[in-house]
Amino acid sequence: MAFRRMKPCAEDAGMRIRMVRKALGALLIAFAMALIGWFGFGSDDNGNAPAAEKGFVDLSGWDFDKQGNVKLDGDWRFYPNLLLTPQEIEGNAVHPERYIEVPNGWSNKETSSFMKDKGFGTYRLEVKVDSGVSLYGIKTTYIRNASKIYVNGKWVGNSGNPAESVADGYESRNVPYTAYFAPDGDRVVITVQAANLDYYYGGIIQSIYLGTQQSITAQAFKTNLLDTIGISFLLLSAIYYLALCFRRPKDRRFLYITAFCFGYTFVVASSGERIFMQLFPIFPYMSVLKVKFFVMSGGIACLCLFIRAMERTLIPALFNKALVTGMIALLTLGLLVPTEYYGRVEAILVWVYLLILLSLGFFILRAIARKRHGRLSRKTAWQLFAGIILLFLQLSMMTLYLYSFINTNIVPVLAQFFFLLGTAGMFADQYKQAYDELEEMSSKLIETDKLKDEFLIHTSHEFKTPLHGIINLAQVVLDQSGGEVTKKQTENMTYIIAQATRLSTLVNDIIDFQSLQRGSLAFHNTTFDVNGTLQATLEALSPMRRSDQVRLVNRVLPGEHFLLTDENRFKQIVVNLVGNALKFTEQGHVEVAASSQDGLLHLTFADTGTGISEEHRRQLFTGEAFGGGSTPTASAYTSSGLGLKISKIIASQMGGDLALEWSEPGRGTVFRLTLPEAGKAPGRHRADAEPQTSSPRELNAAESQQDLASEQEDTIRILLVDDEASNIKVLRELFSSSRYRLIVASNGEEALKRIEEHRDLSLVLLDVMMPGLSGYEVCQRIRMEYPIYKLPVLLLTVRSSSADIAAGLEAGANDFLAKPFDGKELMARVNTLLQLREAVEQAVRMETLFLQSQIKPHFIYNALSGIMSLCYSDGARAGKLLGEFSNYLRLGFDLEPRYAKVSLGRELSLVKSYIELEKARFGERLKTEMVVDAGLETSIPALIVQPLVENAIRHGLMKRITGGTVVIHAHSHPQGLRIEIRDDGIGMDAGQAALLLSPERSGGGIGLINVHRRLMNEYSQGLRIESVQGEGTTVSMWIPSRAEPDRTSG
């Protein structure tokens, strides 16, 4: 147990070590970048240049063009607390002078006895140069806080105005500047007046550069360009994040990073080359510094808030609150502190900022080590840590630069660049992760939506199944009752059918609503008379009237108005409008009228019902009233919450519109349906102008069956496949006539077994949605054995979308009928399929007999020719062959034309007779072998082997002088019979072999193509030919082993 406890501890320790290593690795990378920047991208100076000693440096042997600019570092003469001109220094007056190190502040351990941070003084350096250079340049970097330069006694440049006091004209402005001058022979004397009365750490903080005019100009351009690039990167990043902030205002991360980047931009612009001060010289230098550190305090607070917005667990809440509060306090302090004291405050704030950055880095690193980085990926957490370290590196290097510990500011620029790059990479990774998660979520939502649709379809199937049973059983009772049912019972049954149909319509509305949301609602346009469709629909809805005092009036004249659209969808709109009107109309009428204008048909649906209040009219087509209202007028027309909304969308997709034209509570409602009108169809005009009142139930199933019974005397065997007992019950009632024999299966596996057992089936009624094998799979299995005309399949299902219909037809179904179906429609479709099946089978039989009749004369002609040739040379053999031939004719005439099948033995005896005839002609050139499995009694189509043997002899062997051998193989397999006719004749190439079975080929005999077509008609697979030129040909066929209802001769 102790070991088991120690093992996780060891793993945790190892993990922490790896975390520390990664942190150290990140720090080393940052340090390496600093070194690269320091040594690889420094200023144009040369470390080998001689240093100044006691105010003098000899550069006469220095080649500025080749060796670069020189930092005038070393010991300069210094006159503390005096602002002297060159003339005053060179005059007779004696001034106390000292030597001071440049670059450095003038208040350090060595100079503290005579200089303080705030003060003034004069620097002087004599330089010996090459007199051959006509023009030299000088560039300052950091002289705090005001300076003026003289060269050889002449003023060449200044930044601010150095003076002994503000009253004397002191003005601070620490901005780098460049000056150019001509040497006085080989001597250059540089005098620098410097003053610092309002800041800390005064003096020449960073080096002064000397070089030729061209090299100093290039250096100034490069340093300014480097700062400008850094500022541009920051500003572009800030603008980019600001755009994202406007696009995603709720995402606080972009607000904080935008504020940070804008502040960061100002800090960088007011540092280094002080680009901001160069662009806007009107702003006082100390005010700019005050704003700079004011912005830095706000930037630190924004940075902390940004990290918290990225992931709250990275930084403790208490630290975050304390930090933000502290930064706000510092901002307030910065505003209140007088300018003359601000330098000391700033010196303290720098170290506070560095400590805060270190603390933030520590918290992030601790969160990574403890795997508490929340929703952030590990990579993103490391990127945040690296960004904090880079900011710490930049601020610390800037501080060291300002204190003269380092002499280059390229490292802060590089740190800034990598910080921006890392931040952009972090957001890119986050967006990639978010996009991947969104894609995954989208896939899951799509899958969930599919599951929802499947659930809806299955649920509607469960609803429709009993509805289908109720409607059809009630219809069967009405159709088959005769005079045994009273008028009251008939009315009740009619009402049951109407209510079940309405409930089925509601289920259809739910399915259609889902289809409309997916944009997959299908439309099947036909031209129809509006009067007829309206009349049939009104008659079907008549039982829904609340009393006999409600009249249904169809004022649309027959033959006057036609629509070219989906008739079923039109009916759906009418059912919704009229059904709602009937539900809330107790007396009066529901009236439909029509008018045409500008190619549009305007149908008005008016009722004298409860009407719709003003407040509910706005929700009428929005679906917001789903489930109905609390009052009759509120719920009228919104009982399902979907009917009117779906109707409006359907009308829109049909190129029209549905709108509420008028409504008043207590008086009634008028809806207007507008659709594009089709041209009139004179052939479809009716003579009567009154609405149809005859019931659509006048014809029953028995009457529709009599037509087919007159055409077919045999019993019709139908396989019913459905997992719902109620559906089977309905189908049994529909096919209760004695001419039908029904076989029932409750699932797909059982259906396939019943098909194996009953080979004489006429039709399969197949449900699609079943446990185990679906109807599609069963249909595909059926088509593997039966051609589409041999055994028709009618699919019955609640799934009636275009995709479902396409899937069913691709699976091999002959027709498709959606549940709940009308009994008469089902019977009509069944009768049509049975008639088509009989017609196709009759056509196939006639074609087979025609092809067979073509073979007989062909064979007889060849046989008689052979016998005639023998009559002159061998009478006895000719007589024997005549006996064989007469036997063939007797067997051939015994074939019943309707059932052109013979046993394999009989077919082979005909082949033997033919071979004997051919041997009489070709003698020893013709050899034959016959290999047949013992006990084969399979039935095959008549005259399918002999033509193949004839073709092998005539076109394969006899083309050779030496002849050859024909081998006939008949092999038995569990799945059927394989027959091969192989010869070793001349053979043919692949192109010739392919043309043999082509119906378009010209010339040649009819034997091969004849047999091939008969096999295709019978088994859906024909001959297969394999041939090699010069070696021979093999022709094979496959006879499936399924039992046949056809009679076999022989």
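No lab work stands behind these numbers, since they all come straight from the coordinates. Predicted model only: the values in this text are computed from it and were never measured. Positions of Cβ are generated from backbone atoms using ideal geometry, with glycine treated the same way; all protein chains shown enter the neighbour counts.
Observations, loosely collected:
- Placing pseudo-labels 7 Å out from each Cα toward the beta carbon at Ala990 and Ser442 gives an inter-label distance of 4.6 nm.
- Once the chain from Asn152 to Thr228 is taken as fully extended at 0.36 nm per residue, the excess over their C-alpha distance is 24.0 nm.
- Taking amide H positions as modeled 1.01 Å from N, with prolines and chain starts lacking one, the residues under 5 Å from Thr928 and 5 or more places away or on another chain are Val966.
- Per residue Cα convex hull volume in Å³ - calculated over the stretch 201-355: 144 Å³
- Straight-distance crosslink candidates among aspartates and glutamates, where the alpha carbon sits under 20 Å from Lys292 and sequence neighbours closer than 8 are dropped: Glu171, Asp198, Asp227, Glu273, Glu340, Glu346
- Nitroxide proxy distance, nm - points 7 Å out along Cα→Cβ at Lys912 and Val744: 5.3 nm
- Cβ-Cβ FRET estimate between Tyr180 and Ala329, R0 fixed at 51 Å, reported to 0.05: 0.60
- A Cβ-based charge dipole, computed about the Cα centre of the stretch 56-218 with Lys and Arg at +1 and Asp and Glu at -1, lands at about 300 debye.
- Amide N proximity, the stretch 109-149 versus Val166 label position 7 Å along Cα-to-Cβ, cut-off under 13 Å: none
- Semi-axis lengths, Å, the stretch 171-224, gyration tensor of Cα atoms, sqrt of 5 times eigenvalues: 24, 16, 9
- A viscosity of 1.306 mPa s and a temperature of 10 °C, combined with the Kirkwood radius over Cα pairs in Stokes-Einstein, give a translational diffusion coefficient for the stretch 315-389 of 112 µm²/s.
- Between Gln587 and Gln835, the FRET efficiency estimated from the beta carbon spacing at R0 = 30 angstrom works out to 0.05.
- Taking the empirical scaling 2.2 N^0.38 Å for compact globular proteins as reference, the stretch 701-841 has a Cα radius of gyration ratio of 0.96.
- On the basis of the beta-carbon distance and an R0 of 45 Å, Asp65 and Phe283 show a calculated FRET efficiency of 0.70.
- Extension gain (nm, one decimal) between Asp429 and Phe319, 0.36 nm per residue minus Cα-Cα: 36.9 nm
- Projecting the Cα atoms of Asn158, Thr191, Tyr79 onto the charge dipole of the stretch 56-218 (Cβ charges, centred on the Cα centre) puts Asn158 farthest toward the positive pole.
- Charge sum, other residues only, whose C-beta stays under 11 Å from Val129's C-beta, Lys/Arg counted +1 and Asp/Glu -1: -3
- Full extension of the chain segment joining Leu882 with Leu421 gains 155.6 nm, where the gain is 0.36 nm per residue of separation less the Cα-Cα distance.
- In Hz, Karplus ³J(HN,Hα) per residue of the stretch 71-84 (6.51, -1.76, 1.60; θ = phi - 60°; x = Gly, Pro): 7, 7, 8, x, 8, 9, 5, 9, 10, x, 6, 9, 10, 10
- All lysines inside 29 Å of Lys583 as judged from Cα atoms, apart from same-chain residues fewer than 8 positions distant: Lys464, Lys487, Lys488, Lys571, Lys645, Lys648, Lys819, Lys824
- Shown here are the Rg and Dmax of the Cα trace of the stretch 56-218, at 15.2, 47 Å.
- Residues in the stretch 299-320 reached by a label modelled at Arg370 [backbone nitrogen below 18 Å; 7 Å Cα→Cβ]: 307-320
- In sequence order, calculated HN-Hα J values of the stretch 830-839 (Karplus, 6.51, -1.76, 1.60; Hz; x Gly/Pro): 4, 4, 5, 5, 5, 5, 5, 4, 5, 5
- Nonlocal amide H pairs with Ala52, under 5 Å, H built at 1.01 Å: Asp73, Gly74, Asp75
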